[in-house]
Amino acid sequence: MRIGFIGLGNMGRHMARHLIHAGHQVTVHDTRPEAAAEHLALGAHWAETPAACADGAELLITMLPNPRIVEDVLLRGGAAEALPEGALWIDMSTSTPAAAERVAAEVLDRRGVRRLDAPVSGMARGAEAGALQIFVGGAVEDFRGALPALEAMGDPERILHVGPLGAGYTVKLMINLLWFSHLVATSEVLAMGVKAGVDLGVLRNALLASPAASNFLENDVLCVLTDGDYDDSFAMALACKDLGLAVDLGRDIGVSTELSALVEQIYRRAKAQYGDLAGEMSPVRLYEALAGREFRLPDPTAAPAGAVAGV
């Protein structure tokens with residue numbers, strides 16, 4: 001399949017590489033030409049512009065930081081006009097239905113170009129392993145036609161068709177929103193418990209044995225608790241962007257978002273304190289400061305003395 005791929009960042013560079021390894025004829029573009037070095041060495045073609053990347057492609061994939069850049073690339077960068085009639089555009093960015101609809105209304109619909117929204121979950125580690133979870137919105141027949149490319153980048157068991165156009169964007173925003181909310185709530189609980197005198201390991205084990213257990217508490221927060229790793233593979237600037245998009249979506253559809261807006265405020269405070277490039281789990285540091293200590297476990301797999309079970 002002739003595939004154009006635009007956006008060779010932390011995620012996109014791995015995704016494009018998997019497409020090349022799968023035998024597709026891949027043309028790549030990025031604002032940083034040096035980002036394409038590994039792809040060119042594997043046999044990909046370089047395009048100087050978004051339009052050149054889209055020209056002649058059966059499938060154009062975009063993996064870009066935000067909706068504004070998606071629109072810039074497709075409209076002002078000429079990619080939408082360059083796509084052949086009948087081609088398929090798959091936007092794998094964390095974006096919004098409104099941005100894609102503007103691109104479709106201005107160019108794609110009159111040119112007969114089909115589209116899917118297919119944002120991903122799994123972070124850079126999942127992209128590198130070719131094991132991303134992918135949430136696809138759009139026509140079922142287009143989804144089926146895109147599966148060979150999607151399966152090259154993601155886990156075939158976790159590539160989900162979630163509904164019509166826009167549903168993929170929405171599902172991804174909701175996943176991120178709930179994950180960020182888990183992080184803030186968990187951090188606040190750990191700070192209160194530790195400052196009140198409960199051992200961190202005992203508190204975590206108690207929570208895991210209770211109805212309040214969560215995948216975040218059991219798995220995701222371990223990188224902080226064991227290694228002090230706040231996950232800089234996904235920057236605070238991007239996390240705050242995603243939270244803003246989710247809150248905006250709630251406003252646009254008339255759903256109250258008091259809790260989500262508060263989570264966004266806490267994330268923005270952490271971004272202001274620790275910087276745009278700080279890891280997405282940096283809000284934990286705000287609560288460590290409140291507790292007066294870092295949240296660290298010497299061995300999270302060992303049950304500390306006094307741990308409770310069956311709560």
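The values are calculated or read from the model by the stated rules, or taken from the named source; none is laboratory data. As the structure is a computational prediction, the values presented were derived from the model and not from experiment. Here the Cβ is made from the backbone with ideal geometry for all residues, glycine too, and neighbour counts use every protein chain on show.
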Open item on the list: Please determine whether any residue of the stretch 12-28 is without any contact (Cβ under 8 Å) to a residue 24 or more places away in the chain, out of contact with any strand residue (DSSP E or B) (no Cβ under 7 Å at 6 or more places or on another chain) and in a helix (DSSP H, G or I).
Closed with: no
- [ ] Quick one: Ala235 ticks every box in (1) of a type in the set (Gly, Ala, Ser); (2) under 16 Å from Arg125 (Cβ atoms); (3) modelled with pLDDT of 95 or more except a single one, so which number is it?
- [x] (3)
Open item on the list: When the residues of the stretch 77-100 are narrowed to those that are modelled with pLDDT under 95 and in a helix (DSSP H, G or I), which ends up farthest from Gly244 (Cα to Cα)?
Closed with: Ala100
Open item on the list: Can you tell me which residue is farthest from Trp179 (Cα to Cα) among those in the stretch 228-287 that are of a type in the set (S, T, N, Q) and in contact (Cβ under 8 Å) with a residue 24 or more places away in the chain?
Closed with: Ser233
Open item on the list: Restricting to the stretch 271-289, give me the number of residues that are within 23 Å of Ser93 (Cβ to Cβ) and either crowded, with 17+ Cβ neighbours inside 10 Å or touching a Pro at 6+ places or on another chain (Cβ under 8 Å) (or both).
Closed with: 6
Task: Counted residues, the stretch 224-270 - those being within 27 Å of Pro97 (Cβ to Cβ), in contact with a Cys (Cβ under 9 Å, 6 or more places away or on another chain) and surrounded by fewer than 20 Cβ atoms within 10 Å (Cβ to Cβ) - done: 1
Task: Selection from the stretch 275-295 of residues that are in a helix (DSSP H, G or I) and either over 16 Å from Leu243 (Cα atoms) or among the hydrophobic types (A, V, I, L, M, F, W, C) (or both) - done: Val284, Arg285, Leu286, Tyr287, Glu288, Ala289, Leu290, Ala291
Task: Check on Arg144, free of Cβ contacts under 8 Å to residues at least 24 places away in the same chain and more than 15 Å from the chain's Cα centre (by Cα) - done: yes
- [ ] Filter the stretch 216-251 for residues that are within 19 Å of Asn66 (Cβ to Cβ) and in contact with a Gly (Cβ under 8 Å, 6 or more places away or on another chain) and give the result.
- [x] Asp232, Ser233, Phe234, Ala235, Met236
Open item on the list: Suppose we filter Phe143, Phe135 for residues that are among the aromatic types (Phe, Trp, Tyr), part of a helix (DSSP H, G or I) and surrounded by 15 or more Cβ atoms within 10 Å (Cβ to Cβ); which single one remains?
Closed with: Phe143
TODO: Evaluate the stretch 195-215: report whether one residue or more is under 16 Å from the mean Cα position of the chain (by Cα), in contact (Cβ under 8 Å) with a residue 60 or more places away in the chain and either loosely packed, with under 15 Cβ neighbours inside 10 Å or in a helix (DSSP H, G or I) (or both).
DONE: no
Open item on the list: Tell me whether the stretch 156-177 contains one or more residues that are farther than 30 Å from Gly145 by Cβ and either modelled with pLDDT of 95 or more or more than 14 Å from the chain's Cα centre (by Cα) (or both).
Closed with: yes
- [ ] Being more than 24 Å from Val171 (Cβ to Cβ) and of a type in the set (Asp, Glu) is the filter here, so list the residues in the stretch 241-290 that pass it.
- [x] Asp276, Glu288
Open item on the list: Looking only at residues that are assigned to a helix (DSSP H, G or I) and more than 20 Å from the chain's Cα centre (by Cα) in the stretch 40-71, which one is farthest from Ile253 (Cα to Cα)?
Closed with: Ala41
